[in-house]
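Visitor: For reference, the structure I am asking about is given below.
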Amino acid sequence: MAESEVEVIHSWSAPRSLSTSLMYSFSQRDDIEVLDEPLYANFLRVTGLDRPYREELLSKMEADGDKVTNDIIFAPGKKKYRFCKHISKQRLQGLTDDLMKKGKHFILIRNPLDILPSFDKVVPPSFYELGLAELVCIYNELREIGKAPPVIDAAELQQDPEATLRSLCNDLEIPFQSAMLKWEAGPKPIDGLWAPWWYKSVHKSTGFEKPRKYPQPFPFSLYDLLEQSLPLYNMLRRHVKKKSSLLSPPLPNPDLPVPANEKLLAWVGDEIVTRDSAKVSVFDSVVQGGDSVWEGLRVYNGKIFKLEEHLDSTQSFPDSAIPVWLFDSAKALAFENVPTQDEIKEAIFRTLIRNGMFDNSHIRLSLTRGKKVSSGMSPAFNLYGCTLIVLAEWKPPVYDNTRGIVLVTATTRRNSPNNLDSKIHHNNLLNNILAKIEGNNAKADDAIMLDQDGYLSETNATNIFVVKKGRVLTPHADYCLPGITRATVMDLVVKEQLILEERRISLSEVHTADEVWTTGTMGELSPVVKVDGRIIGNGEVGPVTRRLQAAYKKLTEQSGVPIPTYLKT
C-alpha cells in the first residue's frame, strides 16, 4: 500500500496517567498507527537525565528532536491517522513549531493523588518528573494559537470508557470504533523499549478497568509534592467536559447574572486570587459554624459610598476607618487578632483597583474568626487570626427600582435579641434564608419578617419603610439590623421636611399603606407595589418614594471616599 500524508493526533499527559492504556485503545483502530513517546531519546539527550535504559534508548531511537518531528511524527504513512503518545516534559524548548501547529492535540490528566503512590518505581518523584507545569504550558500554548485542546480525565476513562472515548473522538473529528474498548493482554510491538520498567501493570489489562472502590493510603512523604501539583491538575480539570463525582453527577455551569463577573479577583486572607481560587480553609470558622461578620458597600463613580460614615468610634478599635458593623459585630463576638483599619482599607482599595471596579459595583466585606487548629466549636481553637474576605462584583441594584417589587409575609419570625441579636451582623443567616425560601416559593421578590409579637421587623434582606397619611414610618431597630442605608434614608426624610416616626407597625398598616419601600446597600431604595396580594397605593411608585430616590441618587453622586488612583474619564 502506497504511503501518503497522515493526520497526526498528539496525546499529551504526565507519567502514570493511563496514557499507555489510551495508546493501546487507539492502536486497536483499523485506520491508525501508533508511536510510543517518539521524543523520548531527544529528551534524554538534551537533559542528560539518567534512566536504566538510557544508553540502549539513545543507540536505538532517533535523538534529534527536529528530525523526529519532521521525519517520524509527520512522515507519510499507510494509515489515515497517526497517534503519538507524548509525555509533557519531553516537549522541550527549541523543538520546531510544527510540533504544536500541525495535527490535532488533546490532553489527558490524572489526579496526583492517584499518580504519586506508584510513581517511584523507576525514578524518584519530583515536581519536574511529574510534568504537570509543562502540561499546563502546553494547554495554554495551544489555546493561544487557536487550537485549544480537549481535556479528558483518566477517572472518566475508568468510569465510563465508551462515553469518554466517543466524546474524545467527536472532539478530534474522527469516528469512534468499538474496538477501542478492548485489547489483548501482554507486551505489544508498539511498546517503547522502556516498557519492562513502566508497563508491567498495563500489560495485565485487556481494557480500561474501573478504579478500586477505595483507594490505597496516600504516602504522606509526598505531601509537599501533592500540595504543589494539585492546583495545576485542578486548573486543567476545569476544561474537562464531563467530570466524575463521588456524590452525584455534576451540574452544568449556570449562567451568571452579570457575565463580566466570570473573571474577577477577590481578596482572601492576605492575598488577591482569581474567582475559582477564592476559597477558605475547611477549618475556617465560617465553614465550621457560620462564625463570621460582614458588611456591604457600594461603589459609585470612583468612590465608596458611606465608608467614612461607617467609622467605628469604640475604644477597642481606635482610629478605625472600617464599617461600624464589622468591628462592632467582631467585638460582640469576641474576635481576637482583628486586622487593623489600615489593613482592611488597603485590602478594599487594592481589590477594587485590581478589578478596575470604580462604578456600579458592590463589595461584600467579610471577617471570619479565622482558621482553627482542629475542627470544633470552641474559639480557643482559632489561633491563626481572622480571615478577611473582600468580594467585589459588578452588580447593579438587585431590585426593580423603576416599576417596584412584590413582597409576601413569611411565617418565619425574625430572631429575638433573647436568642441572637440582629445588631450583630453575622454570617449565620439561616433565619433570613428560611424566610427567603418562603418568598421564592410565593414567586415574590422578598419576604417580610415579623417580630415575636407580630409587628413589622424587616424583610429577609432589607429594612422597610411605610408611608401613611403623609407620615414616613419605620420599625424600631429591636429585631432588625439598623442598616446604614436605612439610617441614610431616615436622614433624607428629615432633610426633605417629611415627618418621620420610628415605632411599632402592624401588618395591616402595611397592607393599607399609601407607599412602601425597602432599603439596603445592594438594592438601594426599592419601591413596593404589592404585599400579600394587596396593591399598595395605586400600584405604582409613589411620590414620596420618587422624591427620596432622587435625593438618594444625588447623595451618591456627591459623597463617598475616593478610590486611590481613580481617574474619571
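The values are calculated or read from the model by the stated rules, or taken from the named source; none is laboratory data. Not measured: the values here are computed from a predicted model. FYI the Cβ positions are ideal-geometry reconstructions off the backbone, even for glycines, and counts take in every protein chain you see. Calculation scope for accessible area: heavy atoms of the full protein, side chains included, ligands and nucleic acids excluded. Shrake-Rupley method; radii C 1.70, N 1.55, O 1.52, S 1.80 Å.
Visitor: Here's a check for you: in the stretch 159-192, which residue that is polar (S, T, N, Q) and at pLDDT 95 or above is surrounded by the most Cβ atoms within 10 Å (Cβ to Cβ)? Let's see the steps before the verdict.
Guide: Our first condition is that a residue be polar (S, T, N, Q); within the stretch 159-192, this holds for 159, 164, 167, 170, 177-178.
Among the residues that remain, those that are also at pLDDT 95 or above are: 164, 167, 170, 177-178.
Numbers: THR164: 23, SER167: 17, ASN170: 13, GLN177: 16, SER178: 10.
Among those residues, the one meeting the criterion is THR164.
Visitor: How many of the residues making up the stretch 112-143 are open to solvent by less than 60 Å² (accessible area, probe 1.4 Å), part of a loop (DSSP other than H, G, I, E, B) and not hydrophobic (A, V, I, L, M, F, W, C)? Full working, then the answer.
Guide: Within the stretch 112-143, the subset open to solvent by less than 60 Å² (accessible area, probe 1.4 Å) is 112, 115-119, 122-123, 125-126, 129-136, 138-142.
Checking the rest, the ones that are also part of a loop (DSSP other than H, G, I, E, B) come to 122-123, 125-126, 131.
Next cut, not hydrophobic (A, V, I, L, M, F, W, C) only: 125-126, 131.
Matching residues across the stretch 112-143 total 3.
Visitor: Here's something else I'd like to know. Here is a list of conditions, (1) of a type in the set (S, T, N, Q); (2) surrounded by 23 or more Cβ atoms within 10 Å (Cβ to Cβ); (3) in contact with a Gly (Cβ under 8 Å, 6 or more places away or on another chain), and THR368 meets all of them except one; can you say which number that is?
Guide: (3)
Visitor: Something else now. Check ARG82 against each of (1) of a type in the set (Lys, Arg); (2) closer than 22 Å to SER229 by Cα; (3) not in a helix (DSSP H, G or I) and name the one condition it does not meet.
Guide: Every listed condition holds for ARG82 apart from (2).
Visitor: Also, I was wondering about something else. If I filter the stretch 469-478 down to residues being open to solvent by 30 Å² or more (accessible area, probe 1.4 Å) and within 42 Å of the chain's Cα centre (by Cα), which single residue comes out as farthest from LEU498 (Cα to Cα)? Before you say what the answer is, go through the steps one by one.
Guide: Filtering the stretch 469-478 for residues open to solvent by 30 Å² or more (accessible area, probe 1.4 Å) gives 469-471, 476, 478.
Still in the running and within 42 Å of the chain's Cα centre (by Cα): 476, 478.
Values: HIS476: 18, ASP478: 23 Å.
The qualifying residue farthest from LEU498 (Cα to Cα) is ASP478.
Visitor: Looking at (1) in contact with a Phe, Trp or Tyr (Cβ under 8 Å, 6 or more places away or on another chain); (2) open to solvent by 100 Å² or more (accessible area, probe 1.4 Å); (3) closer than 20 Å to PRO15 by Cα, which is the one condition that is false for LYS204?
Guide: All conditions pass for LYS204, except number (1).
Visitor: Search the stretch 99-111 for residues being in contact with a Lys or Arg (Cβ under 8 Å, 6 or more places away or on another chain) and closer than 28 Å to PHE220 by Cα, and hand back the single one that is least open to solvent (accessible area, probe 1.4 Å).
Guide: ILE109
Visitor: Between a residue in the stretch 151-166 that is over 10 Å from GLU209 (Cα atoms) and without any contact (Cβ under 8 Å) to a residue 40 or more places away in the chain and any residue that is open to solvent by 30 Å² or more (accessible area, probe 1.4 Å) and in a helix (DSSP H, G or I), which pairs come within a Cβ distance under 9 Å, given they are 6 or more apart or on different chains?
Guide: GLU162/SER178; GLU162/LEU181
Visitor: Something else: When the residues of the stretch 426-443 are filtered to those that are outside any helix (DSSP H, G or I) and among the polar types (S, T, N, Q), which remaining residue is nearest to ALA410 (Cα to Cα)?
Guide: Ranking the candidates gives ASN428 first.
Visitor: Is it the case, given these coordinates, that PRO38 is of a type outside the set (Lys, Arg), crowded, with 18+ Cβ neighbours inside 10 Å and not in a helix (DSSP H, G or I)?
Guide: yes
Visitor: More than 29 Å from ASN360 (Cβ to Cβ), polar (S, T, N, Q) and open to solvent by 10 Å² or more (accessible area, probe 1.4 Å): is that true of THR512 in this structure?
Guide: Against the criterion (more than 29 Å from ASN360 (Cβ to Cβ), polar (S, T, N, Q) and open to solvent by 10 Å² or more (accessible area, probe 1.4 Å)), THR512 qualifies.
Visitor: Also, quick follow-up: With the structure loaded, tell me whether ARG403 is touching a strand residue (DSSP E or B) at 6+ places or on another chain (Cβ under 6 Å) and open to solvent by 50 Å² or more (accessible area, probe 1.4 Å) or whether it fails that test.
Guide: Spelling it out, it is not the case that ARG403 is touching a strand residue (DSSP E or B) at 6+ places or on another chain (Cβ under 6 Å) and open to solvent by 50 Å² or more (accessible area, probe 1.4 Å).
Visitor: Restricting attention to the stretch 67-98, which residues are in contact with a Pro (Cβ under 9 Å, 6 or more places away or on another chain) and either of a type in the set (Val, Ile, Thr) or surrounded by fewer than 15 Cβ atoms within 10 Å (Cβ to Cβ) (or both)?
Guide: Passing the criteria: VAL68, THR69, ILE72, ILE73, ILE87.
Visitor: Within the stretch 489-569, considering only strands (runs of 3 or more DSSP E) that don't extend past its boundaries, which have at least 1 residues that are touching a Lys or Arg at 6+ places or on another chain (Cβ under 8 Å) and polar (S, T, N, Q)?
Guide: Fully inside the stretch 489-569 and qualifying: 515-520.
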